[in-house]
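Contents: one structure, followed by commentary.
The values are calculated or read from the model by the stated rules, or taken from the named source; none is laboratory data. It should be emphasised that the depicted structure is a prediction, and the values quoted were computed from it without experimental measurement. As a convention, Cβ positions derive from the backbone with ideal geometry for all residues, glycine included, and neighbour counts pool all protein chains shown. Side chains are part of the model used for accessible areas, which takes the heavy atoms of the whole protein and leaves out ligands, DNA and RNA. Shrake-Rupley method; radii C 1.70, N 1.55, O 1.52, S 1.80 Å.
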Amino acid sequence: MNIPSLISQMTLEEKAGLCSGADFWHTKAVERLGIPATMVSDGPHGLRKQDETGDHLGVNDSIEAVCFPAACATAASFDRALLTRMGEAIGDSCQHERLSVVLGPAVNIKRSPLCGRNFEYFSEDPYLTGEIAAAYIQGVQSRGVGTSIKHFAANNQEHRRMSSSSDVDERTLREIYFPGFEIPVKKARPWTVMCSYNRLNGVYASENPWLLTDVLRKEWGFDGYVMSDWGAVSDRVAGVAAGLDLEMPASGGVNDRKIVEAVKSGRLDEAKLDLACERILNIVYRAVENAKPDTPWDKEAQHLLSAEIAAECMVLLKNEGGLLPLSKGDPVAFIGEFAEKPRFQGGGSSHINSFKTTGALQAAEGLNVTYARGYDVQNDCATDAMIAEAVAAARAAKVAVVFAGLPDSYESEGYDRTHMRLPDCQVKLIEAVTAANPDTVVVLHNGSPVEMPWIGRVKAVLEAYLGGQAVGLATVRVLYGDANPSGHLAESFPLKLSDNPSYLFYGGEPRGTEYREGVFVGYRYYDKKELDVLFPFGHGLSYTTFEYSDLRLSADHIRDTDVLTVTCTVKNTGARPGKAVAQLYVGDVDGDVIRPLRELKGFEKIFLAPGESKEVAFTLDKRAFAYWNSAIHDWHVETGDFTIEIGASSRDLPLSAVVNVASTVDLPVRYDADSIFMDVMKTKRGREVMKPLLEVMNATFHPGEAESAASAEAISDDMTLAMLNYMPLRGILSFGGGNLPDGFLENIISQLNT
Ligand code: BGC
């Protein structure tokens with residue numbers, strides 16, 4: 001298709017019109033020129049395809065589809081291949097339903113456990129987010145269907161979500177909030193990007209040229225179209241100029257007319273409008289050319305796939321005395337309404353009309369399981385009779401399994417949580433059940449961490465998250481050992497909400513929210529502060545045990561342009577087959593820049609039969625060691641030692657080694673009279689230039705010794721230099737002996753700067 005030629009035949013009105021939706025879910029057709037309409041749908045963990053009477057918050061019905069586990073769960077798989085398989089299945093269903101783009105994945109960082117949409121987001125860690133999202137995108141797009149990675153950028157709260165400004169410093173954006181987009185844009189080339197509702201440092205994402213053009217396209221090479229989140233447009237003309245190609249859904253023509261006027265009056269360069277049209281049409285035709293509407297959609301098969309994925313994502317948080325797995329013959333009580341009707345997805349635009357659901361109770365058919373409802377989800381209460389029934393069931397059973405979690409109303413798109421607690425009635429139930437039977441397991445269905453004041457009283461906790469429509473099948477398989485749990489937390493579980501680094505500022509004030517904790521998000525903060533957590537980032541148990549050994553680095557010293565290969569051996573030392581998640585963290589040992597103690601820079605999920613060992617290899621490049629330097633607006637490595645740690649969680653790292661990395665980039669430095677001695681003396685040039693001055697000063701501080709030992713080396717050995725460290729160069733006028741010639745200081749500074 002010759003797109004530039006098509007555009008040259010379009011009227012100004014047609015071009016402006018193409019840049020907004022025809023309705024909630026379609027791009028516009030231009031029949032005169034044979035340009036077809038294409039359809040997009042939510043997303044991300046299944047299809048929410050609606051007809052023209054659609055809405056964007058899942059209020060109205062959509063077609064029957066398959067609800068896969070939500071991102072909170074799939075990130076915990078730490079399994080790229082699994083996400084690719086899920087993406088392929090979703091891509092197939094898009095083809096079957098004639099969709100051009102699925103609206104996802106959602107990759108915003110979990111800054112606080114309170115964000116109402118955390119269930120839809122992957123992680124508090126940018127590297128994990130980016131890798132998992134890229135794998136999903138590769139899966140969907142391998143089927144000839146596009147994705148829309150969202151919500152770009154810094155959309156980390158629901159509170160005031162359509163107007164609030166996320167005020168984030170440059171380094172924090174680059175290190176924490178951008179890589180979840182950057183990695184997939186570079187690696188998986190999503191067809192589209194959805195910009196977020198919020199402002200970024202005061203400018204709406206939908207009209208932010210730095211975000212949408214400089215960073216996204218010029219730096220990262222994005223070549224698809226950017227669409228707005230639904231209703232995220234404030235100033236449409238500024239949006240076109242900034243790089244927002246498609247407004248969704250549409251403004252009833254109002255904004256299209258503004259674009260036309262702006263071009264006519266010369267306020268908007270028509271070339272920018274043409275560019276937006278070109279980007280939209282590139283993807284429209286890519287979708288048309290790749291359409292395979294005869295692709296079958298086997299929902300039953302996808303239901304089973306959804307169960308398989310859910311089992312890979314569940315995180316066994318605690319398993320005292322090996323209470324799990326359960327034995328199939330043993331009498332077990334399933335307690336809690338979620339056993340019958342699991343909460344398996346979140347509310348809002350990602351809400352899927354599942355063609356069927358399997359709860360744990362149904363999946364346990366044929367097993368020796370009794371059931372007590374325990375609490376009433378709808379009315380958020382537990383009557384005395386419900387508790388009494390649960391207690392009796394728990395007493396009569398060998399093991400009690402309480403299904404707990406957050407009701408829909410507690411967490412959803414559109415608003416944030418105000419606390420991190422489970423419903424009181426569920427806490428009461430857990431307490432009553434544990435008093436009746438100490439062999440109690442808690443299965444959790446929640447999209448974000450909860451406080452667990454009862455943790456010491458239960459023997460086992462299985463975090464099932466919002467595991468999709470087949471979550472019950474997966475839960476029973478894991479509980480009874482037909483599947484060995486291998487999920488690891490993609491987020492820290494703090495002991496209490498106020499431990500969270502964003503606690504003081506989260507939600508912000510009407511004008512905006514300041515990200516004052518900077519790069520110290522999640523474990524980056526808890527580790528540096530040496531805070532105890534309930535469960536650390538990366539944590540996850542198994543029914544088998546793993547041993548890590550033989551850490552090897554390809555070199556002890558590298559330059560920042562080299563690639564370091566790191567290998568280790570992981571062995572299954574238990575009796576069951578299982579999957580380990582080897583996690584690699586890097587930390588800067590002695591740099592000047594204030595950085596986290598360790599950051600995830602590699603992970604691999606490995607299947608091991610009992611007794612089996614495998615070598616795992618990681619490659620680390622400059623980015624694994626670099627921080628974002630806001631002076632040069634680039635990644636930079638500080639020369640020095642870095643730790644490489646490997647293990648099963650951020651707080652279980654049995655392997656550790658040190659590599660020295662040398663920077664190949666000299667940071668530009670300009671000295672002036674206020675530069676302090678310590679900084680000047682760091683460089684070889686600085687020491688050379690300072691030598692004559694230090695001689696003068698040495699003579700001043702050590703009269704009589706001037707002839708013999710007046711050298712920079714002599715003074716540098718002295719305590720005096722320690723005290724000189726923080727003195728500005730201009731201090732030599734006051735303390736340098738009083739007989740310096742005019743221009744001495746200026747001369748030193750100019751020598752330092754050449
Ligand atoms: C959500 C998006 C979603 C869109 C369309 C918005 O409210 O933020 O994630 O894709 O609606 O439903």
Exercise for review: Working only within the stretch 138-165, note down all residues that are more than 15 Å from the ligand (Cβ to nearest atom) and either acidic (Asp, Glu) or closer than 29 Å to ARG80 by Cβ (or both).
Suggested key: GLN138, GLY139, GLN141, SER142, ARG143, GLY144, VAL145
Practice item. Check the stretch 202-212 and report whether any residue there is open to solvent by 10 Å² or more (accessible area, probe 1.4 Å), in contact with a helix residue (DSSP H, G or I) (Cβ under 9 Å, 6 or more places away or on another chain), farther than 22 Å from CYS19 by Cβ and acidic (Asp, Glu). Key: no
Practice item. For the stretch 299-309, indicate whether the set of residues that are more than 30 Å from ASN484 (Cβ to Cβ) and either touching a helix residue (DSSP H, G or I) at 6+ places or on another chain (Cβ under 8 Å) or surrounded by fewer than 16 Cβ atoms within 10 Å (Cβ to Cβ) (or both) is non-empty. Key: no
Review point. On the given criteria, is GLY336 at pLDDT 95 or above, in contact with a strand residue (DSSP E or B) (Cβ under 7 Å, 6 or more places away or on another chain), buried (at least 17 other Cβ atoms within 10 Å of the Cβ) and assigned by TED's automatic domain parsing to the domain that holds VAL391?
Key: yes
Review point. When the stretch 202-260 is examined, which residues are found to be hydroxyl-bearing (Ser, Thr, Tyr), touching a Ser or Thr at 6+ places or on another chain (Cβ under 6 Å) and part of a loop (DSSP other than H, G, I, E, B)?
Key: none
Check your understanding: Out of all the residues in the stretch 57-73, which are within 16 Å of the ligand (Cβ to nearest atom) and either open to solvent by 50 Å² or more (accessible area, probe 1.4 Å) or farther than 23 Å from GLY346 by Cα (or both)?
Key -> LEU57, VAL59, ASN60, ASP61, ILE63
Review point. If LEU422 passes every condition in (1) touching a helix residue (DSSP H, G or I) at 6+ places or on another chain (Cβ under 7 Å); (2) free of Cβ contacts under 8 Å to residues at least 60 places away in the same chain; (3) buried (at least 20 other Cβ atoms within 10 Å of the Cβ) but one, which one does it miss?
Key: (1)
Point to revise | Matching entry among GLY359, GLY346 (being away from the ligand (no atom under 16 Å from the Cβ) and surrounded by 23 or more Cβ atoms within 10 Å (Cβ to Cβ)) | key: GLY359
Check your understanding: Which ones in the stretch 320-333 are of a type in the set (Gly, Ala, Ser) and open to solvent by 10 Å² or more (accessible area, probe 1.4 Å)?
Key -> GLY321, GLY322, SER327, GLY329
**Study point:** Odd one out for LEU33 among (1) surrounded by fewer than 24 Cβ atoms within 10 Å (Cβ to Cβ); (2) out of contact with any Pro (no Cβ under 8 Å at 6 or more places or on another chain); (3) under 29 Å from ALA301 (Cα atoms)
**Key:** (3)
Review point. If you take the residues of the stretch 19-50 that are within 14 Å of the ligand (Cβ to nearest atom) and acidic (Asp, Glu), which of them is farthest from THR74 (Cα to Cα)?
Key: ASP23
Revision key, fill the gap. Expected single match for within 16 Å of the ligand (Cβ to nearest atom) and buried (at least 24 other Cβ atoms within 10 Å of the Cβ) among SER100, SER93 is SER100
Check your understanding: Looking at VAL254, is it more than 22 Å from VAL145 (Cβ to Cβ), of a type in the set (A, V, I, L, M, F, W, C) and in contact with a Leu (Cβ under 7 Å, 6 or more places away or on another chain)?
Key -> no
Exercise for review: Would you check if GLY456 is closer than 27 Å to PRO654 by Cα and open to solvent by less than 10 Å² (accessible area, probe 1.4 Å)?
Suggested key: no
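So that you can scan it fast, the table gives a plain yes or no per residue for (1) part of a loop (DSSP other than H, G, I, E, B); (2) open to solvent by less than 30 Å² (accessible area, probe 1.4 Å); (3) under 30 Å from PHE744 (Cβ atoms):
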| residue | (1), (2), (3) |
| --- | --- |
| ASP641 | no, no, no |
| ILE644 | no, yes, no |
| LEU693 | no, yes, yes |
| ASN698 | no, yes, yes |
Review point. If you go through the stretch 220-244, how many residues are open to solvent by 10 Å² or more (accessible area, probe 1.4 Å), aliphatic (A, V, I, L, M) and within 13 Å of the ligand (Cβ to nearest atom)?
Key: 1
Practice item. Would you kindly identify the strands (runs of 3 or more DSSP E) lying entirely within the stretch 367-474 that contain at least 3 residues that are at pLDDT 95 or above and in contact with a Phe, Trp or Tyr (Cβ under 6 Å, 6 or more places away or on another chain)? Key: 399-405
Practice item. From the list LEU114, LEU83, pick out the single residue that is away from the ligand (no atom under 16 Å from the Cβ), in a helix (DSSP H, G or I) and under 23 Å from the mean Cα position of the chain (by Cα). Key: LEU83
Point to revise | Enumeration of residues in the stretch 278-316 that are assigned to a loop (DSSP other than H, G, I, E, B) and of a type in the set (Lys, Arg) | key: LYS292
**Study point:** Out of LEU268, LEU273, sole residue that is buried (at least 20 other Cβ atoms within 10 Å of the Cβ), in a helix (DSSP H, G or I) and not assigned by TED's automatic domain parsing to the domain that holds THR440
**Key:** LEU273
Practice item. Kindly indicate which of ARG257, ARG199, ARG217, ARG286 is within 16 Å of the ligand (Cβ to nearest atom) and basic (Lys, Arg). Key: ARG199
